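For reference, the structure discussed in these notes is given below.
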Amino acid sequence: MSRPFKIPESVLVVIHTATLDVLVIERADRPGFWQSVTGSKDTPDEPLARTAAREVFEETGITVGTAQVPADALLDWRQAIEYEIYPQWRHRYAPGVKRNIEHWFSLCVPQSIDITLAPREHVAYAWLPYRDAAARCFSASNRDAILQLPGRLAAS
């Protein structure tokens, strides 16, 4: 059975603590590629906040909308970027799709939260001060999002 093509609209979620330690996770399919939580919509009409909460749960085991991580801890930055999909991942999309629109979110979590990685997607995680987390990310846009975190939080 073939998998359906990915929808070229996704979210990036910068998970952080109140002290601006940021969670980065290492991809299983690309050793050394560290990133924030990312993922595509499951359906074209899936609300972006639902996509973000689903991807956070799938990739880290963190459930948004609980006493530990209330729904309002997920902040929609109302910013989207468009970028070219890396060639090694284009096979996941319909033929001819080369660009993706990514919507940025942040999620503030307690310092002591448990992380459970999806082993088929990620093999390691680290909590780093936000500048160090940004430096570890392979994606320039992910680095930019992390570096914007203090300003975004101050503005909200």
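Here Ile146 fulfils each of the conditions (1) modelled with pLDDT of 95 or more; (2) surrounded by fewer than 14 Cβ atoms within 10 Å (Cβ to Cβ); (3) not small (Gly, Ala, Ser) apart from (2). Looking across Trp104, Trp89, one residue alone is among the aromatic types (Phe, Trp, Tyr) and assigned to a helix (DSSP H, G or I). It is Trp89. Can Leu117 be described as under 20 Å from Leu48 (Cα atoms) and aliphatic (A, V, I, L, M)? Here the answer is no, as Leu117 does not meet what is asked.
Filtering Ala140, Ala145, Ala155 for residues that are touching a residue at least 24 places away in the same chain (Cβ under 8 Å) and out of contact with any Asp or Glu (no Cβ under 7 Å at 6 or more places or on another chain) leaves a single hit, Ala145. Inside region 107-143, can you point out the residues that are open to solvent by 60 Å² or more (accessible area, probe 1.4 Å), at pLDDT 95 or above and not in a helix (DSSP H, G or I)? Result: Asp114, Thr116, Val123, Tyr125, Trp127, Pro129. Before we move on, is Trp89 of a type in the set (Phe, Trp, Tyr) and modelled with pLDDT under 95? Yes, satisfied. In summary, Ile85 fulfils each of the numbered conditions (1) free of Cβ contacts under 8 Å to residues at least 60 places away in the same chain; (2) farther than 25 Å from Pro150 by Cβ; (3) among the β-branched types (Val, Ile, Thr) with the single exception of condition (1).
The values are calculated or read from the model by the stated rules, or taken from the named source; none is laboratory data. Source: prediction; values computed, not measured. Backbone-built Cβ (ideal geometry, glycine too); neighbour counts: all protein chains shown. Calculation scope for accessible area: heavy atoms of the full protein, side chains included, ligands and nucleic acids excluded. Shrake-Rupley method; radii C 1.70, N 1.55, O 1.52, S 1.80 Å.
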